[in-house]
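The values are calculated or read from the model by the stated rules, or taken from the named source; none is laboratory data. Owing to the predicted nature of the structure, the values given are computational and were not obtained by experimental measurement. Quick reminder, even Gly has a Cβ in these numbers, built from the backbone with ideal geometry, and neighbours come from all protein chains shown.
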Amino acid sequence: MREFNPRKEIIIMLKSRINILVLITLVVALAGPLFGQTIPPAGSEGKLIAVLKSDASHKEKADACRHLAIIGTKKAVAPLAALLSDEKLSHMARYGLEPNPDPAVDKFFRGSLGKLKGRPLVGVIGSIGVRRDVKAVRQLSLLLRNSDAEVSHAAARALGKIGNTAAAVAISRIVEDAPAANQLALCEGLFRCAESLAAEGQRSFATKFYDQLRSLKAAHQVRGGALRGAIVTRGKDGLALLREYLQSKDYIMFSAAVQASQEMKGSEVTKALTDGLEGLPVDNQILIIHALGERGDGSATNTLYALAKSGEKPVRLAAIRSIPEFHTSGLQLRELFNDSDSDISKAAKESFGAMHSGEADAAVMAMFRSSDTDKQLTALDLMGRRRMTESVPVLLEAARDADPKVHREVFRKIGELGGPEQLPSLLKLLMDANDPQSTARAGQAVIAVCMKADNPESLTVKFTDLMAESNPYQKSSLVRILGVIGGPKALEAVLAAVDDSNYRVRGTAIRSLSTWKNTNAAPHLLELAKTQTNKGAKTVCLRAYLSMASRTSMPGDKRLSMCRQAKGLVERDDEKKLLLGALGNIDSTDALAMVMPYLDEPATRQEASMASLAISERLLKGRGASRVASKLIKPLEKVAKVTTDAKTAQRAKGLLKQAQSKAK
């Protein structure tokens, strides 16, 4: 038997009503096609009734019941009711009767209570509950003591669905002395009655039954749900009960009281919660703090600030994290920024960053303008958390003479919070800088704001125009910016910088080409790999070129051509492995032929084996597998022979069998 959860049951009931409304809407919307396909034409009720009275099959009678549920009138009631005692058709008969509005249905159901037994009786009791027949309360009350537990449980739940005072009284008279096996169902029924009475405004009756349920030695779901109902239904008069259970040592009842507070309005409820905090266990305090946060009542802020400053760490953290829910400046959180506990400090900054307050922004700016470096760094962190874009002009001014410890973070925040509109000011800072650190930091900020532009490539001319008047540090930053922005004009400027007289600028230009966002730089990298006299620069260009040759966004024949052009330049083992990696992604027997020589070199044998297997596997799965299979046999035989890895050899032999089979 499932456990009864009052709150869950209420949610299920609500969902059921919503589902019924949705179903009705769909039925109406699809009325034309649905009725045309599944409902007999008008005037067929008599034929369906005749089926019920005939020797028709079980399926035919069940289908008739189903149709009568939709079109049945008073005429169908008696024939359907005659099937209530049929073990096989009782369910379908009730299905046909329940939607019928005729009062005779209720009369037949009530009449069946003294005649049926077992599952048919349980089913009829359920149908009475569905139809909420108040005239059946007395008969259902008698069934509460039935020796058949299923019948007793069904009666209790049906009375719960009827939900009037008489039904509630009937259950309340026996629930306390009921056998343990029956008590949960009785509690469920009485709880439903109390909920219905409360919804109808009969508060005195509802609270009476809630009080009875919470005093029982019943399952915690029953007691907790009843306490919630008892508090909420009393309204303001429930405050005393709320206060009482906020001190309960029974966590279930305590949490039910806290839950009830969430459904009550007024500062006096908030006061009851804050007054009950002192001396409670940590878990209880945290639950109340969360409830206070959900309420958002400003009268609780002083209590939360006090909890945030001292006490058990979990309680402090909960209080700190709840403070942003309130309409407060959050200024008191600043006292915790330098707390000895890093978790407390971090939580305080996060909460302060989440505060919606102009006072908080002003406080951050005041911290930044102080002469204390630590405060300035904290302020910069908070500017980012609070997304204080209005602070950018102040940061731009501070970038000229900020403390060295703060300088990097100032530029970082400009890039984070600023936009393309700050580009002129940032470029001026870059061109006024005389040291590599300041220049690089300004350049990074420029990149950050440029990437927020709708079309970053349109900004290229702003940087190329400055190249001629820049020093090596500045020019290096400009080249780096152009490399990130990309585009034809930027590529032209970066290529020109490769021949710059300054080694720093040349190196930056080559690194920018090596990370170009598309393959437009590939031919230039190949040429540089051929012509560079500096071995380091040559290696960078060749590796970048091979990396571009691995980009599967390009057609395979173009990548194969790039690999062929690079093959003569490859010397180092790591370069050979890059080449093999690129070849391994090309579905071509020509690529496989280029891989073969590297099987003879111990340093590249494993990479060459894997590239060979990858190419062969894809070709054997392709449409032209039978045409190329014969060309794969010798390469696969060689891989199986030279590899020292057992798994690789096994895989090669498996592919070899496939190639030999397809070649035939």
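Which pairs have Cβ atoms under 7 Å, sit 6 or more apart or on different chains, and link a residue in the range 259-270 that is among the hydroxyl-bearing types (S, T, Y) to one that is part of a loop (DSSP other than H, G, I, E, B)?
As it stands, the answer is S267/D297; T270/D297, since those pairs meet every condition given.
May I ask you to list the residues in the range 630-664 that are assigned to a helix (DSSP H, G or I) and buried (at least 21 other Cβ atoms within 10 Å of the Cβ)?
Across the range 630-664, the qualifying residues are L632, P635, L636, V639, A652, L655, A659.
Quick one: count up the residues across the range 300-320 that are closer than 21 Å to F352 by Cβ, in contact (Cβ under 8 Å) with a residue 12 or more places away in the chain and of a type outside the set (A, V, I, L, M).
7
Got a number for residues in the range 623-657 being over 22 Å from E601 (Cβ atoms) and of a type in the set (S, T, N, Q)?
Residues flagged as over 22 Å from E601 (Cβ atoms) and of a type in the set (S, T, N, Q) within the range 623-657 amount to 3.
Condition first: exposed (fewer than 14 other Cβ atoms within 10 Å of the Cβ) and either in a helix (DSSP H, G or I) or at pLDDT 95 or above (or both). Now tell me which residues in the range 41-53 satisfy that.
Residues satisfying the conditions are G46, K47, A50, K53.
Of everything in the range 584-610 that's assigned to a helix (DSSP H, G or I) and β-branched (V, I, T), which residue is surrounded by the fewest Cβ atoms within 10 Å (Cβ to Cβ)?
Restricting to residues being assigned to a helix (DSSP H, G or I) and β-branched (V, I, T), the top hit is T589.
Residue-wise test of (1) modelled with pLDDT of 95 or more; (2) among the polar types (S, T, N, Q); (3) loosely packed, with under 14 Cβ neighbours inside 10 Å.
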{"site": "P6", "(1), (2), (3)": "no, no, no"}
{"site": "V27", "(1), (2), (3)": "no, no, yes"}
{"site": "C65", "(1), (2), (3)": "yes, no, no"}
{"site": "L84", "(1), (2), (3)": "yes, no, no"}
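Which residue out of A549, A522 is within 30 Å of I586 (Cα to Cα), in contact (Cβ under 8 Å) with a residue 40 or more places away in the chain and of a type in the set (G, A, S)?
Step by step, each of A549, A522 is checked, and only A522 is within 30 Å of I586 (Cα to Cα), in contact (Cβ under 8 Å) with a residue 40 or more places away in the chain and of a type in the set (G, A, S).
Only one of (1) part of a helix (DSSP H, G or I); (2) surrounded by fewer than 20 Cβ atoms within 10 Å (Cβ to Cβ); (3) of a type in the set (V, I, T) fails for I615. Which number is that?
Going through (1) part of a helix (DSSP H, G or I); (2) surrounded by fewer than 20 Cβ atoms within 10 Å (Cβ to Cβ); (3) of a type in the set (V, I, T) one by one, I615 breaks only (2).
Identify, by number, the condition in (1) part of a loop (DSSP other than H, G, I, E, B); (2) over 37 Å from the mean Cα position of the chain (by Cα); (3) closer than 30 Å to G568 by Cα that K517 doesn't meet.
Every condition holds for K517 apart from (2).
Select, from L478, L546, L526, the only residue that is farther than 27 Å from A448 by Cα and crowded, with 24+ Cβ neighbours inside 10 Å.
L546
Looking at the range 522-563 only, could you name the residues that are over 17 Å from A582 (Cα atoms) and not in a loop (DSSP other than H, G, I, E, B)?
Scanning the range 522-563 gives H524, E527, L528, A529, K530, T531, K535, G536, A537, K538.
Does I162 qualify as being under 29 Å from M264 (Cα atoms), of a type outside the set (G, A, S) and touching a Leu at 6+ places or on another chain (Cβ under 9 Å)?
yes
Based on this model, can you work out whether I414 counts as over 21 Å from S438 (Cα atoms), assigned to a helix (DSSP H, G or I), of a type in the set (V, I, T) and under 33 Å from the mean Cα position of the chain (by Cα)?
no
Answer with yes or no whether N502 is surrounded by fewer than 17 Cβ atoms within 10 Å (Cβ to Cβ) and farther than 15 Å from M467 by Cα.
Judged against the criteria, N502 is not a match.
Have a look at R627, R564, R559 and point out the one that is under 25 Å from K538 (Cα atoms) and more than 47 Å from the chain's Cα centre (by Cα). First the steps, then the outcome.
Working: R627 fails: under 25 Å from K538 (Cα atoms); R559 fails: more than 47 Å from the chain's Cα centre (by Cα).
None of the other options fit; the residue is R564.
Confirm whether K107 is closer than 30 Å to R192 by Cβ, free of Cβ contacts under 8 Å to residues at least 24 places away in the same chain and of a type outside the set (A, V, I, L, M, F, W, C).
yes
Give me the pairs: first residue in the range 215-239 and on the phi > 0 side of the Ramachandran plot, second residue modelled with pLDDT of 90 or more and in a helix (DSSP H, G or I), beta-carbon distance under 9 Å, and six or more apart or on different chains, which are they?
These pairs meet every condition: G235/R203.
Just for the range 88-97: of the residues that are at pLDDT 95 or above and not hydrophobic (A, V, I, L, M, F, W, C), which one is surrounded by the most Cβ atoms within 10 Å (Cβ to Cβ)?
For the range 88-97, the residue satisfying everything is G96.
Considering only the range 571-583, state which residues are at pLDDT 95 or above and not in a helix (DSSP H, G or I).
none
Within the range 67-122, can you find the residues that are in contact with a Lys or Arg (Cβ under 8 Å, 6 or more places away or on another chain), part of a helix (DSSP H, G or I) and either among the acidic types (D, E) or more than 20 Å from S54 (Cβ to Cβ) (or both)?
A104, V105, D106, F109, R110
Among the residues of the range 429-456, how many are part of a helix (DSSP H, G or I) and of a type in the set (K, R)?
Counting residues in the range 429-456 that are part of a helix (DSSP H, G or I) and of a type in the set (K, R) gives 1.
Filter the range 331-386 down to the residues that are of a type in the set (F, W, Y) and assigned to a helix (DSSP H, G or I), then identify the one that is modelled with the lowest pLDDT.
Among those that are of a type in the set (F, W, Y) and assigned to a helix (DSSP H, G or I), it is F352.
Here's the yes/no breakdown for (1) without any contact (Cβ under 8 Å) to a residue 12 or more places away in the chain; (2) crowded, with 19+ Cβ neighbours inside 10 Å; (3) basic (K, R):
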| residue | (1), (2), (3) |
| --- | --- |
| S322 | no, yes, no |
| D343 | no, no, no |
| D361 | no, no, no |
| S370 | yes, no, no |
| M383 | no, yes, no |
| R408 | no, no, yes |
